[in-house]
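Inspection log for the structure reproduced underneath, given as structure tokens.
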Amino acid sequence: MSRISSPLLLAGLLAGAAVAHAVVPRQFDAVVPRSLPGSPRGWTYASGVAELALAAGVAHPRTRKAAALATAAFFVGVFPANVKMAADAHRRSPAFRAAAIARLPLQAPLVLWAHKVSREAGGR
């Protein structure tokens, strides 16, 4: 199995993102689309909990296939936050704007990576 399809690497990425949501929630609050009901902080914590659950599911062979498919869906679901970040970046430094815009096409490889992990998990 190639490194890029590694389920444990994907689980680590998700777990790291989950920790970031808990440690520095303010930066995530800022990208929660205003059209979502409730407080941005609630969405920040909920997405962090979801990422942690997905990480655990991807890490465990018995739940890997379903969790990896759910991870692909999650990556699609959070794409609007990345769009909002890019749209709001005009107020930030050129470096931040470039990073925010660069994140948009990077979402596709994440979705494909999670999908590949689900396929490689087979019938488990």
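Throughout, read-outs are computed from the coordinates displayed, never taken from laboratory work. These numbers were taken from a predicted model, which means no experiment stands behind them. When we count neighbours, we look across all protein chains shown, and the Cβ atoms used for this are built from the backbone with ideal geometry, even at glycine.
Some observations on this one:
- For segment 76-124 versus segment 25-57, the gap between their alpha-carbon centres in whole angstrom: 15 Å
- In this structure, Val23 and Glu120 have a Cβ-Cβ separation that, at R0 = 30 Å, corresponds to a calculated FRET efficiency of about 0.45.
- Computed FRET value (nearest 0.05) for Val111 with Arg41, which takes r as the C-beta separation and R₀ as 22 Å: 0.25
- Angle between the chain longest axis and helix 64-77 axis [Cα atoms, degrees, rounded to 10]: 20 degrees
- Shape of segment 51-94, Cα gyration tensor, a/c cut at 1.5: prolate
- Helix axis angle, 40-59 relative to the chain longest principal axis, alpha carbon, degrees: 20 degrees
- Rounded to 10°, Cα long-axis angle of helix 79-88 versus longest principal axis of the chain: 20 degrees
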